[in-house]
Amino acid sequence: MTKPGSLIDQLAGDLQPVKPVARRLGAGALLWLGLSAIYVMLATALMGPLRPGAFDQLLAHPRFLLECSLGVLALVILAQAAFRSAVPGGLSRRWVFIAAGLTLAWLLNYPFGLISPALEPSMLGKRPHCYLETLILALPPAMAAVYWQHRLFPLRPLQSAAAAGLAAGMIPALYMQVACMYAPGHILMWHILPGALVAILTPLALLGVFWCKQQPTG
């Protein structure tokens, strides 16, 4: 009969060190963000032309380039935070503060732009239903992120879903910088606000899925 001590030593000897799950999420979050961005760009192009000369404006106006660069950086950190939130202990306060700080630094450009815009406000490139496009384009990436989150172990699934929805909503909101007209008030109302609304719609959709699963069949 094997003694308990020797059995424990034998089992412990077979253990192999593993990396924490949160450390392996970085590449996955970037993959989701990259695929989501490609989907948003292709779908946006199918829905209508981009604003003429928008990419030339990135090179000609450093502040406009800074706005967009801050948005991209905020998206990278938001995506990381969304996936880290689905792992117990994966999302630290530091990550939350960094994500919130970068997102705020990006978004504050538009209220400031009401006084001093990065570009001359213009109706050029206006898309008639840009707010609907932002909502519609954000939902598939949001649902894909939530599905991925639930393959992990989210202790607060609704909060994680909200984080995923915010990251997904900001992808088309940012891309509308080159796809739609540039006017800070328009951007805040019809690009940023619909994108942020996805952070509310995503956990509501998750609640709907949970409710449907609880209903008796037949």
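The values are calculated or read from the model by the stated rules, or taken from the named source; none is laboratory data. Keep in mind it's a predicted model, so treat the numbers as computed, not measured. Neighbour counts run over all protein chains shown; Cβ positions are idealised from the backbone, glycine included. Only protein heavy atoms, including side chains, enter the accessible area calculation; ligands, DNA and RNA are left aside. Shrake-Rupley method; radii C 1.70, N 1.55, O 1.52, S 1.80 Å.
Overview of results
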| item | result |
| --- | --- |
| Whether region 50-92 is rounded, prolate or oblate, judged on the alpha carbon gyration tensor where a/c under 1.5 counts as rounded | prolate |
| Between 0 and 90°, nearest 10: helix 130-149 axis offset from the chain longest Cα axis | 10 degrees |
| Protection proxy ranking, peptides 138-144, 68-74, average beta carbon neighbours within 10 Å, highest first | 138-144, 68-74 |
| Between helix 4-13 and the chain: long-axis angle, C-alpha atoms, 0 to 90°, nearest 10 | 40 degrees |
| Solvent-accessible area per residue, Å², over the chain with all protein chains present [probe radius 1.4 Å] | 57 Å² |
| Whether region 129-218 is rounded, prolate or oblate, judged on the alpha carbon gyration tensor where a/c under 1.5 counts as rounded | prolate |
| Cα shape, region 85-191, gyration tensor, a/c 1.5 rule | oblate |
| Accessible area of the chain belonging to carbon and sulfur atoms, whole % at 1.4 Å probe | 71 percent |
| 12 Å reach of a label modelled at His129, 7 Å along Cα-to-Cβ, counting backbone N of region 31-60 | 47-48 |
